[in-house]
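Have a look at the structure below before the remarks.
The values are calculated or read from the model by the stated rules, or taken from the named source; none is laboratory data. Since we're looking at a predicted model, the values are computed, not measured. FYI the Cβ positions are ideal-geometry reconstructions off the backbone, even for glycines, and counts take in every protein chain you see.
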Amino acid sequence: MDAMEQRIEKWLGTNTYHHSEFWSIRELVRAKEKAGLTVSLCIPTLNEEKTIGKEVIMFKSELMDRYPLLDEIAVIDSGSTDNTLAIAEAFGADTYLSSGILPSYGFRPGKGENLWKAIYQLKGDIICYVDADIKNIHSKFVSGLVAPLLYREKVQYVKAFYDRPLALSGGVRPSGGGRVTEILVRPLFSLFFPELTAMMQPLSGEYAVRRETLESLHFPIGYGVETSHLIDLYQKSGLDAFAQVDLDRRVHRNQTTIDLGKMSFGILQTFLNRLEHNGIVPEMPEFDGIFRQLQAEGKRYETLNRTMVEEERPPMKTLPEYQEKHG
Amino acid sequence: MEGKEVQCLQREAVLSNRESLRAIRELLLANVVMAAEIPAPTGSEGLLTRFLSDRFTEAGLTDIANDQAGNIAAVLPGQDRSRNLLVAAHVDKVWPDSEDHTVSVGVGSMRGRGIADNSLGVAVLATLPLILERLSIALDANLILLGTTRSFGRGDLAGMRFFLENTDQKIDGALCVEGMNLGRLSFSSLGMARGEIVVELKGGSEDPDFANAGVIAVLQKALAGLLEFNRAHHPEVKILIGTVDSVSGYNVPPLLGKICFEIRSREAERVAEVERLVHALVERLQAPSDGAAVAVEIIARRVPGDLGEGHPLVKAARKTLEILEVEARPEPSISELAALLEAGIPSLTLGVAKGEGRHSPRETIQLDQMQDGLAQIVSVLQFMDSGGCD
């Protein structure tokens, strides 16, 4: 076993959890109060009326009304045209239009934009992000992620991973990342940041982070936001800043191969940007940001070109408005 | 008694319950979602009773236990422990665990398999201790919360029957909670015989109908005979047909089929009379030359029972609904209430929310009046606690 393998295995042993280790929410609330921390939940949305109501009900009931683990639940929306905001509000979430937060900085359509603006809008010392499209929502999606931050001071960033099989014929199983993880991100991490391959699902949309960490991170507004966070925080603080929690199973929409292609293109752009920004590779050539796909109709083939430039928001703590509001 | 009624059903108290409940509605709704997404087909309710057990433990209840029938029971001890009140909800659902149990939530409604029958009832059971705590209601009587198993079909109320036959506690009054419909006020139970006519083709028949349609030819005659009873007999007795089943695909005449039916009446003798007619029908269909074996099996029975319109508990429930401006809809029951009335326990079945599509994949409950449904249960429970059932 080489040194890298040893480091990864050691980290897997100490920083990988299963949500059941934190089954007592009462204990979590005690730890939170002892640490004097506040916790905010941010759910970024765009047309999620089918699932948002259930998420808000579950989190508000279990983690606010029953046990005060959460201090606020905020839905930050990119401009839904369905009933997403009305439903979220009806069940007690604070709702915001992303375009209405820090309006002088404009509005970029993208999940990363909502996550970035949440740092300004929300109050918590810890912010937990949970996607809105989870069908089998449960309070563990938040309590499991927040727990390592409450119990371990050095942990700054906690990622979720999923898909523990219910039955297994043999003793060994693959780590179960998604397609884009296994085909794109894990190979790139293997080449440039081998320790980050310890993250089971680096692209999962559920994570909890300390405010002082979040406010220092760059925020790509599109698909690359999670990859960017991992690289930047790893470069700054190493693998021990991270933990990951097994949440068993996540039922959500499946994406088409075409959509996964777009996602990969966005992540790759971000990855290359971070390499350049962190001085890992010399200056990159200028990219035109056009993602070129093909489609066929009968015997006719045509190109589908889509301009996808991964814009990036600066660390929130560099904004005067943020410094004024959050010190 | 009149004094107690007035004392316990003061308009202000009922309306105050409703207002307080409005503020904690999400506690119930989260339990509805969780209860609905846990499969619990009749006979395999273990996961859902485990959920209730966990909730009862969290609420600090005592004597939490699964009995031999799989029921889950727990006790919220009262201040004067000499009396026992029971709130029960059946936990089983009509859906197999292979079906998608995902719940979707809209602005004013929730939808999903079994959400009304009886996930909402189960959720009320799970939330009731916390509701009483938040409303600062301390009952004098012990409150027994009971999630019953094997309610539907061949289950034949086995869970509730087992509890009643084996409990060493005297039950002074009981409420059965059903998800829908708000306004339902059941204080009587119908006489009922639930049965199956099973047709099996043994082969050897020359009948061209059998060659082309298999047992469907016999099922058709049986179905016509059953429906004819409805037309020919007293309106106070009727036969309901729930299932006609002979699945075989498109092009293979089925060899096995069945009809599931219920005979219902307020009068036991009328149920027995029609049951005899069904047996006679089956004998006529059982013509050996046809090559088909036809049999009838009665799998569940209820004897009629009635608490009576004038019982103080019924009057209190009516009065509560009136205060809440909900129209009372008296309807006889064939569910757990039947076993309770048969055991001589003053009991009601109440509904919690308005809803639609019962037993369909689009089963839906409306959320806007749910606090009325809860306020009704809490207020009637307070009435029972004051000795209203005695």
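Before we move on, is residue B:144 crowded, with 17+ Cβ neighbours inside 10 Å, modelled with pLDDT of 95 or more, more than 30 Å from residue A:49 (Cα to Cα) and in contact with a strand residue (DSSP E or B) (Cβ under 8 Å, 6 or more places away or on another chain)?
The answer is yes for residue B:144.
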Matching residues in region A:132-152 - criterion: being of a type in the set (Gly, Ala, Ser), outside any loop (DSSP other than H, G, I, E, B) and within 14 Å of chain B (Cβ to nearest Cβ)
A:143
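Working only within region B:99-114, note down all residues that are closer than 16 Å to residue A:134 by Cβ and either more than 7 Å from chain A (Cβ to nearest Cβ) or surrounded by fewer than 20 Cβ atoms within 10 Å (Cβ to Cβ) (or both). So that I can check it myself, show each step before the final result.
Our first condition is that a residue be closer than 16 Å to residue A:134 by Cβ; within region B:99-114, this holds for B:100-105, B:112.
If the condition is that a residue be closer than 16 Å to residue A:134 by Cβ and either more than 7 Å from chain A (Cβ to nearest Cβ) or surrounded by fewer than 20 Cβ atoms within 10 Å (Cβ to Cβ) (or both), then B:100, B:101, B:102, B:104, B:112 are the ones that fit.
Does residue B:43 fit the bill of being among the small types (Gly, Ala, Ser), away from chain A (no Cβ under 14 Å), crowded, with 23+ Cβ neighbours inside 10 Å and at positive phi?
Details: among the small types (Gly, Ala, Ser): yes; away from chain A (no Cβ under 14 Å): yes; crowded, with 23+ Cβ neighbours inside 10 Å: no; at positive phi: yes.
Here the answer is no, as residue B:43 does not meet what is asked.
Of all the residues that make up region A:1-35, how many are part of a helix (DSSP H, G or I), of a type in the set (Val, Ile, Thr) and over 23 Å from residue A:61 (Cα atoms)? Outline the logic, then answer.
Restricting attention to region A:1-35, the residues satisfying the condition of being part of a helix (DSSP H, G or I) are A:3-15, A:19-22, A:25-35.
So of that shortlist, the ones also of a type in the set (Val, Ile, Thr) come out as A:8, A:14, A:25, A:29.
Okay, now just the ones that are also over 23 Å from residue A:61 (Cα atoms), so A:8, A:14.
Within region A:1-35, residues that are part of a helix (DSSP H, G or I), of a type in the set (Val, Ile, Thr) and over 23 Å from residue A:61 (Cα atoms) number 2.
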Checking the structure you have, find out if any residue of region A:56-65 is touching a Lys or Arg at 6+ places or on another chain (Cβ under 7 Å) and at pLDDT below 95.
no
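Among the candidates B:48, B:125, B:143, B:52, which residue alone is assigned by TED's automatic domain parsing to the domain that holds residue B:376 and either assigned to a loop (DSSP other than H, G, I, E, B) or within 28 Å of residue B:196 (Cβ to Cβ) (or both)? Walk me through how you get there before you give the answer.
Working: B:125 fails: either assigned to a loop (DSSP other than H, G, I, E, B) or within 28 Å of residue B:196 (Cβ to Cβ) (or both); B:143 fails: either assigned to a loop (DSSP other than H, G, I, E, B) or within 28 Å of residue B:196 (Cβ to Cβ) (or both); B:52 fails: either assigned to a loop (DSSP other than H, G, I, E, B) or within 28 Å of residue B:196 (Cβ to Cβ) (or both).
Checking each option against the conditions leaves just B:48.
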Out of region B:148-177, which residues are in contact with a Leu (Cβ under 7 Å, 6 or more places away or on another chain) and in a strand (DSSP E or B)?
B:173, B:174, B:175, B:176, B:177
Residues of region A:56-76 being touching a residue at least 40 places away in the same chain (Cβ under 8 Å) and more than 9 Å from every other protein chain (Cβ to nearest Cβ), which ones?
A:63, A:67, A:69, A:70, A:71, A:72, A:74, A:75, A:76
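Yes/no per residue for (1) over 30 Å from residue A:238 (Cα atoms); (2) of a type outside the set (Lys, Arg):
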| residue | (1), (2) |
| --- | --- |
| A:27 | no, yes |
| A:56 | yes, yes |
| A:60 | yes, no |
| A:67 | yes, yes |
| A:71 | no, yes |
| A:77 | yes, yes |
| A:80 | yes, yes |
| A:87 | yes, yes |
| A:105 | yes, yes |
Quick check: is even one residue across region A:36-47 under 18 Å from the mean Cα position of the chain (by Cα), part of a helix (DSSP H, G or I) and more than 24 Å from residue A:156 (Cα to Cα)?
no
